[in-house]
Amino acid sequence: MPELPEIETIKKGLAKKIIGKEIVDIKIETTKSFQGDKENILGAKIEEIGRRAKLISMKLSNGFNLLFHLKLTGQLIYVENGERMAGGHPSHDWHAKLPNTNTRLIFTFKNGSKLFFNDLRKFGWCKVLTDIELREIFEGYGVEPFTSDFTVDYLLRKAKKIPNRNIKQFLTDQEIIAGIGNIYVDESLFLAGVLPTRKLRDLSMAEWQKINVSVLKVLKLGLKYGGTSDRDYVNALGVKGGMQNYLKVYHRVGQPCLGGCGGVVKRMTIGGRGTHYCPTCQK
DNA sequence: CTATCTGTTCTGAC
DNA sequence: TGTCAGAACAGATA
């Protein structure tokens with residue numbers, strides 16, 4: 001379930017560790033997890049790490065790029081000297097041996113450190129791409145929430161074309177807004193006080209403003225706590241995030257609403273996905 | 001044991 | 001063109 005805050009947390013963690021390192025080997029344990037020619041990355045150094053939507057990109061010194069999509073259960077974990085190093089000190093609160101049965105790819109750097117790509121369900125992937133191919137993929141995504149382009153005006157302009165769609169499917173549409181998934185959309189709509197089933201055409205200006213602000217607040221909170229570890233997500237050192245302790249509705253079906261209304265969190269299905277909400281706090 | 005659920009994205013049908 | 005079911009896959013839960 002890694003969404004924007006989780007991917008951004010992994011990106012920041014990896015940046016501290018692997019910028020400038022040279023890839024000397026890649027072991028492909030699961031062929032479908034790696035798409036491209038491995039010869040195009042061997043001997044190259046990692047120059048930059050970026051994030052667009054839920055994707056992590058690595059710019060290489062030879063003109064190629066690595067692009068990762070973790071989908072539902074992907075992990076990127078860096079190991080040096082058999083230890084997960086956090087701020088210069090070994091971190092011992094990880095929970096998986098490496099490699100393990102879910103390890104799909106193992107990158108080895110010149111100093112012997114390794115980057116493990118784990119993915120239980122094998123939906124995720126790593127691709128080797130040229131700059132042009134990478135740019136074309138990135139151009140297919142909508143606005144990044146943490147840019148000045150993410151405004152009420154932008155939302156209204158997009159909503160005008162599909163007035164009949166509900167707000168939940170609108171916010172999770174990657175071609176409209178990049179990086180929001182099932183957890184953060186439910187949390188954002190709870191904070192905004194808007195039911196996920198509401199049609200775009202029926203939303204008031206005040207509600208659009210509330211939605212715009214709430215999405216940013218919730219994503220920022222996710223970043224602050226290093227992401228949500230519902231089950232598979234871990235950061236670049238294999239350590240879980242803390243945002244799951246601050247979720248108001250997600251996976252809280254039947255539990256008391258934390259909005260102070262005295263009600264109970266409900267669950268429904270929208271677009272095939274579990275949707276959590278408070279029928280009292282959200283209108 | 002079987003059936004169902006999970007949640008991201010792509011594909012194909014209507 | 002929009003919408004929606006189904007698929008990719010593995011494991012937890014009922």
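Residues to consider are A:Val194, A:Val234; find the one that is surrounded by 23 or more Cβ atoms within 10 Å (Cβ to Cβ), aliphatic (A, V, I, L, M), in contact with a Lys or Arg (Cβ under 8 Å, 6 or more places away or on another chain) and farther than 19 Å from A:Cys278 by Cβ.
Details: A:Val194 fails: farther than 19 Å from A:Cys278 by Cβ.
After applying the criteria, what remains is A:Val234.
Within region A:224-254, the set of residues being touching a Ser or Thr at 6+ places or on another chain (Cβ under 7 Å) and either free of Cβ contacts under 8 Å to residues at least 60 places away in the same chain or not in a loop (DSSP other than H, G, I, E, B) (or both) comprises A:Met243, A:Gln244.
Here is a yes/no grid of residues against (1) at pLDDT 95 or above; (2) of a type in the set (Phe, Trp, Tyr); (3) within 16 Å of DNA strand C (Cβ to nearest atom):
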position	(1), (2), (3)
A:Glu8	yes, no, no
A:Gly20	yes, no, no
A:Ile41	yes, no, no
A:Glu47	yes, no, no
A:His69	yes, no, yes
A:Asn81	no, no, no
A:His89	no, no, no
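State which residue is nearest to DNA strand B (Cβ to nearest atom) when the search covers only region A:1-25 and only residues that are surrounded by fewer than 20 Cβ atoms within 10 Å (Cβ to Cβ) and within 16 Å of A:Ala44 (Cβ to Cβ). Only one residue tops the list, namely A:Ile19.
Only one of A:Arg121, A:Arg165 is surrounded by 16 or more Cβ atoms within 10 Å (Cβ to Cβ), modelled with pLDDT under 95 and either charged (D, E, K, R) or in contact with a strand residue (DSSP E or B) (Cβ under 7 Å, 6 or more places away or on another chain) (or both); which? Only one candidate passes the filter, namely A:Arg165. If you scan region A:156-186, which residues turn out to be out of contact with any Phe, Trp or Tyr (no Cβ under 8 Å at 6 or more places or on another chain) and of a type in the set (Val, Ile, Thr)? Scanning region A:156-186 gives A:Ile167, A:Thr172, A:Ile180, A:Val185. Can you name the residue in region A:124-148 that is surrounded by fewer than 11 Cβ atoms within 10 Å (Cβ to Cβ) and under 21 Å from the mean Cα position of the chain (by Cα) and is also farthest from A:Thr73 (Cα to Cα) among such residues? Restricting to residues being surrounded by fewer than 11 Cβ atoms within 10 Å (Cβ to Cβ) and under 21 Å from the mean Cα position of the chain (by Cα), the top hit is A:Ser148.
Tell me which residues, restricted to region A:134-153, are within 16 Å of A:Ala53 (Cβ to Cβ) and either part of a helix (DSSP H, G or I) or in contact with a helix residue (DSSP H, G or I) (Cβ under 9 Å, 6 or more places away or on another chain) (or both).
Initial filter on region A:134-153 (within 16 Å of A:Ala53 (Cβ to Cβ)): A:134-147, A:149-150.
Hits for region A:134-153 are A:Leu134, A:Arg135, A:Glu136, A:Ile137, A:Phe138, A:Glu139, A:Gly142, A:Val143, A:Glu144, A:Pro145, A:Phe146, A:Phe150.
The values are calculated or read from the model by the stated rules, or taken from the named source; none is laboratory data. Keep in mind that what you see is a predicted model, and the values were worked out from it rather than measured. Counting neighbours? That spans all protein chains shown, and the Cβs are built from the backbone with ideal geometry, glycine included.
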